[in-house]
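Q: My questions all concern the structure below.
The values are calculated or read from the model by the stated rules, or taken from the named source; none is laboratory data. These figures come from a predicted structure and were not determined experimentally. Every residue, glycine as well, gets a Cβ built from its backbone with ideal geometry; the counts of neighbours run over all protein chains shown. Keep in mind that these areas ignore ligands, DNA and RNA; they rest on the heavy atoms of the full protein, side chains included. Shrake-Rupley method; radii C 1.70, N 1.55, O 1.52, S 1.80 Å.
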Amino acid sequence: MAGKTLFDKVWEPHVVARLGGDTVLLHIDRHLMHDLGGPVGLAELKRRGHRVRNPELTFATPDHAVSSAPGRTEDTNPTGGRLLRGLRAGAAEAGIRLFDLGEPGQGIVHVIGPEQGISLPGLTIVCGDSHTCTHGGVGALAFGIGSSELLHVLATQTLVQRRPKRMRVCFEGRMQEGVLPKDLILHLIATHSAAGGVGHAVEYAGSAIEAMGIEGRMTVCNLSIEFGAKMGMVAPDEATFQFLADRPYAPKGRSWDLALAHWRGLPSDADARFDHEITLDISALAPQVTWGTSPQDTIAVDGHVPDPAREGDPDRRKAIAQALDYMGLQPGQPIAGTEVDWVFIGSCTNSRLPDLRAAASVIKGRKVAEGVRAWVVPGSGQVKRDAEAEGLDQVFKSAGFEWREPGCSMCVAANGETVPPGKRSVSTSNRNFVGRQGPGARTHLASPAVAAAAALAGRIVDLRKF
Amino acid sequence: MEKFTRLRAIAAPLMRQNVDTDVIIRIERLIEADRARLGEHAFEAWRFLPDGSENPDFLLNREPYRRAKILLNGVNFGCGSSREGAVWALMGLGIRCVIAPSFGEIFFNNCFQNGVLPVVLPAASVQEIADEVAGDPAERLVTVDLEAQQVIAPSGKVHGFEIDPLRRTGLLEGLDEIGLTLRRETEIAAFQARDAKARPWVYRT
C-alpha cells in the first residue's frame, strides 16, 4: 500500500461522517471571520434560530472595509465603521474573540492567523475568503468558503466537502538574487495556467520551499487559488515549529510537546502517491510581473507582452487582445519601461515583515518618482510594530512612500481605497482582474522588490539592473 | 432553497475563459446593494459603458440572450474570490445553470447552496452546444435534465454529465444542508470528544 500524503494525513482524521462517494462531513478546527462576511453571517444565523456551536474555535478581525489611512478611526471609512460595529456586536453576543482596531492582533485575517498561533500544522481552517489557502504555509489544510458554508460552520463546526485530488509541485534550485517567493508561484501559474490546480489540493515541496522562510511559504500558498486550487500547503518542519513557538495562541508546555510529536508525523511519506506532479527548476528564474487581467498572464520582468496575432488558439487570441486593450499595452512591447502611477505594497500575499524588508532593501536612499503614489500597508498591527522597531517605516517615509494602517486596503478595494480609472498600478497583491483595484484600474502583480523598484523608477524596471 | 429539476431555456454562449467573480460582481456592490438587486450590477465592467449606458456589444445585453437562463463558458468559470454574491448576481440576471469545462471551486460549491446547477462538460461539447445555439438562440433551446444528468442540445444530441450524488439530491429536493447536518449533532459531539483526547491542543477551553 502506498504511503500517505500530507493532505491525507490531515483530511482523514477530520472526517466526522462519510456521506457517499468522496463526500464527507469534515470537522473544522478554526473558523476565521472578517468584517464583510462576519456581521451578515452572525445576524443571519440568529435569524434562522441557530447558535454558534463552537465560539472558542472562531476568531474575528476587521480587515476588508477598514480604512488604512494613517491615524484612522473606525469611521474614517463609514461603511467600514458600520460593518465593524456589526461584527463587534455579533462576536460579543456569541463569545467570539475579536481582534479590534489598535490591537497588535488586528490585521488581514490571513496574516494574523499564523502570527497569533491560531493557525497550526494539521488543523482544518476555513474563512469566508478565498485566500484562506495562505494558512497552508504552516502545514494547515485551509480553504475559502462562501456565505452559506460560513453559516454551516458557525452552526455545526463542520462542512460538507468532496475530497479533492492530490497534486505536488516541486520548486527545485536556488533562487537568484532579486527573486522572491511571489515569483515562484506566479511562474507556476504562468506555465500551468490559472486553471492548472482545479480540483486538487496542492502540496508545495522541493529544495526551494525547504529553504524558504515561513512567510514566503504563506505567499506561495496564498496564490494557490489563483492556480485554481482552493487548498495549498507545505509540510511543517523545524522552521515551522520555530516560527510558531511562543505565539500567543499556540499550545504551551506539555500541550506543545504533544502537538509537536503529532506535527512531526504530518509530512508526506516517501512512497506517497499524488494524482499529479509538477517539477519546476527555478534556479534561472527572473523576477516576474503580470501584463494582463489573469494571474496566468505573467512574464519575466525583462520579457515582452504577447502578440495576439502570433497566438494559434482563437479563444486565447481574443482573450489576449481584450487584456491588452484593458491594460493599455501594445502587442509585443517590452514590459520594462511601462510607466506606472501607483504602487501598492501590502495584502495577504505580501504584507509580512520579510516582504517589507525586501521592499525597503531596494530603496537605498532613492526617492519615489514624481507623479507616483506609493503605499505600504502592513498586514497586521504586529507587523507594523515590528517594522517600526526596525526603522523600516522611516526608510519608506523618507523615500516618499506612505506608511499606513493594517488591512486589505487596495488589494480588494472594498474600503473605498481604489486605483483611479485608467491608472496603472504595480501591486504586491494577488489579483489583476478587470476592475479589481477599482473600475478601470490597470494592475500589474509583482513581488515587493519589483513593486518598490517601480515606485522609485516611475516605471516597471528589471530590479537586477536598477 | 429553490429546487432544480429540469430546465429548457435560452442558452447564452459567453464562452470566455477564467471569468472571475470580481467581474461577475464588484465587491462594493455586495456591501451597498440589497442581495435581491445584485443582478443589476452583474458583469458591470462588460455590460455598461463608462457613461453608464448599456454596452450594445456585450452578449447578455442582446436579444434574446437577455432572457437566457443558461450560460455557456470557457474554462475556470467563477475563479477567484469566494463571494457568494457572484451566484446571487447571476440569479438576479435569471441564470439557473452554468455549463463550462471547469469551475472555480468555491463558486462551484456556492452554486449548490442556491439552487443553481453548475455542469462540467468537455470543452469540445460546450463549444458544440454554443455553435448549435448561435444561429437562432430563441428557437434553439437547450435542455438541462438533472434527474437524467443530461444536457440536450437543440439538435437533440445528448451530453451526459457527472455530478456528486449528494449535491444532485440536494438540488432536486431543494434541501437545507444545515438542517441535515444538525441531525448529526450526536456524531459531531462524539467526534469532538474523541478528537479532544487525541489532539487536546486543538480545543481551547
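Q: Looking at (1) within 14 Å of chain B (Cβ to nearest Cβ); (2) part of a loop (DSSP other than H, G, I, E, B), which is the one condition that is false for A:L258?
A: (2)
Q: Can you pull out the residues in the stretch A:40-57 that are within 11 Å of another protein chain (Cβ to nearest Cβ) and open to solvent by 20 Å² or more (accessible area, probe 1.4 Å)?
A: Scanning the stretch A:40-57 gives A:V40, A:E44, A:R48, A:G49, A:H50, A:R51, A:R53, A:P55, A:E56.
Q: Looking only at the stretch A:189-229, count every residue that is within 13 Å of chain B (Cβ to nearest Cβ), open to solvent by 10 Å² or more (accessible area, probe 1.4 Å) and either β-branched (V, I, T) or farther than 24 Å from A:A284 by Cβ (or both) and tell me the total.
A: Residues meeting the conditions: 5.
Q: Checking A:V66 against (1) in contact with a Lys or Arg (Cβ under 9 Å, 6 or more places away or on another chain); (2) of a type in the set (A, V, I, L, M); (3) closer than 30 Å to B:A189 by Cβ, only one condition comes out false. Which one?
A: (3) is the only condition that A:V66 fails.
Q: Just one of (1) small (G, A, S); (2) under 30 Å from B:E44 (Cβ atoms); (3) within 18 Å of the chain's Cα centre (by Cα) trips up B:G170, so point out which.
A: Unmet for B:G170, out of (1) small (G, A, S); (2) under 30 Å from B:E44 (Cβ atoms); (3) within 18 Å of the chain's Cα centre (by Cα): (2).
Q: Just to be sure I understand, how many residues within the stretch A:123-154 are part of a loop (DSSP other than H, G, I, E, B) and facing chain B (nearest Cβ under 8 Å)?
A: Looking only at that region, the number is 5.
Q: Of all residues in the stretch A:26-36, how many are in contact with a strand residue (DSSP E or B) (Cβ under 6 Å, 6 or more places away or on another chain), at the interface with chain B (Cβ under 10 Å from one of its Cβ atoms) and either open to solvent by 10 Å² or more (accessible area, probe 1.4 Å) or not in a loop (DSSP other than H, G, I, E, B) (or both)?
A: 2
Q: Looking at the stretch B:180-195, I want the residues that are more than 17 Å from A:H14 (Cβ to Cβ) and facing another protein chain (nearest Cβ under 8 Å) and have a partner that is at pLDDT 95 or above and part of a helix (DSSP H, G or I) with Cβ atoms under 6 Å, at least 6 apart or on another chain. Which pairs are those?
A: none
Q: Moving on. Restricting attention to the stretch A:3-25, which residues are in contact with an Asp or Glu (Cβ under 7 Å, 6 or more places away or on another chain), crowded, with 21+ Cβ neighbours inside 10 Å and within 7 Å of chain B (Cβ to nearest Cβ)?
A: The answer is A:V16, and nothing else.
Q: What number of residues within the stretch B:143-179 are touching a strand residue (DSSP E or B) at 6+ places or on another chain (Cβ under 7 Å), more than 30 Å from A:Q161 (Cα to Cα) and either without any contact (Cβ under 8 Å) to a residue 24 or more places away in the chain or not small (G, A, S) (or both)?
A: Of the residues in the stretch B:143-179, 1 are touching a strand residue (DSSP E or B) at 6+ places or on another chain (Cβ under 7 Å), more than 30 Å from A:Q161 (Cα to Cα) and either without any contact (Cβ under 8 Å) to a residue 24 or more places away in the chain or not small (G, A, S) (or both).
Q: Any chance you could count how many residues in the stretch B:83-113 are open to solvent by 10 Å² or more (accessible area, probe 1.4 Å) and farther than 14 Å from B:R16 by Cβ?
A: So the count comes out to 12.
Q: Cβ-Cβ below 9 Å, separation at least six or inter-chain, first residue in the stretch B:1-18 and surrounded by fewer than 16 Cβ atoms within 10 Å (Cβ to Cβ), second of a type in the set (S, T, Y): which pairs?
A: B:R6/B:T143; B:R8/B:T143
Q: Which is touching a residue at least 40 places away in the same chain (Cβ under 8 Å), of a type in the set (A, V, I, L, M) and farther than 23 Å from A:T418 by Cβ, of A:I108, A:I96?
A: Sole residue among the options that is touching a residue at least 40 places away in the same chain (Cβ under 8 Å), of a type in the set (A, V, I, L, M) and farther than 23 Å from A:T418 by Cβ: A:I96.
Q: Let me ask another. Restricting attention to the stretch A:79-122, report how many residues are within 12 Å of another protein chain (Cβ to nearest Cβ) and among the basic types (K, R).
A: Of the residues in the stretch A:79-122, 2 are within 12 Å of another protein chain (Cβ to nearest Cβ) and among the basic types (K, R).
Q: Would you tally the residues in the stretch A:373-388 being in contact with a strand residue (DSSP E or B) (Cβ under 6 Å, 6 or more places away or on another chain), in contact (Cβ under 8 Å) with a residue 40 or more places away in the chain and among the hydrophobic types (A, V, I, L, M, F, W, C)?
A: So the count comes out to 2.
Q: Does at least one position in the stretch A:379-389 carry a residue that is closer than 26 Å to A:L324 by Cα and either at pLDDT 95 or above or touching a Gly at 6+ places or on another chain (Cβ under 6 Å) (or both)?
A: no
Q: Take the residues in the stretch B:156-205 that are outside the structural domain of B:F112 (by TED's automatic domain parsing) and among the hydroxyl-bearing types (S, T, Y); name whichever of them is least open to solvent (accessible area, probe 1.4 Å).
A: B:T181
Q: For A:L186, are the conditions met, namely being within 19 Å of the chain's Cα centre (by Cα) and either over 18 Å from A:L57 (Cα atoms) or within 14 Å of chain B (Cβ to nearest Cβ) (or both)?
A: Taking the combined requirement at face value, the residue satisfies it.
Q: Take A:P121 and decide whether it is of a type outside the set (V, I, T), farther than 29 Å from A:A360 by Cβ and in contact (Cβ under 8 Å) with a residue 12 or more places away in the chain.
A: Spelling it out, A:P121 is indeed of a type outside the set (V, I, T), farther than 29 Å from A:A360 by Cβ and in contact (Cβ under 8 Å) with a residue 12 or more places away in the chain.
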